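Contents: one structure, followed by commentary.
The values are calculated or read from the model by the stated rules, or taken from the named source; none is laboratory data. Bear in mind the structure is a predicted one, so any value in this text is a computation, not a measurement. FYI the Cβ positions are ideal-geometry reconstructions off the backbone, even for glycines, and counts take in every protein chain you see.
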């Protein structure tokens, strides 16, 4: 996402295997942000996960994945299956 680049969390570098391509890599600031946020995100995910039984959670994830795929098709980012 462009905002990560403008905020200094990632940078573009030339792909050494194919100089026509660019790669995106995390900067030190991006790595620090990841290390700072990861425990919080994991805690929130664990709390959310605890709201559901295993079967409910699997069903919820399936429905969310299906909705995302459908949205991608509607936005022209994915071919219908």
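A few points about this structure:
- Some residue of segment 57-73 being modelled with pLDDT of 95 or more and either in contact with a helix residue (DSSP H, G or I) (Cβ under 7 Å, 6 or more places away or on another chain) or not in a helix (DSSP H, G or I) (or both): yes
- Among residues of segment 35-56 that are outside any helix (DSSP H, G or I), those with a beta-carbon under 9 Å from a residue that is surrounded by 10 or more Cβ atoms within 10 Å (Cβ to Cβ) and modelled with pLDDT of 95 or more at least six positions away or on a different chain give the pairs 51/57; 52/58; 52/59; 52/60.
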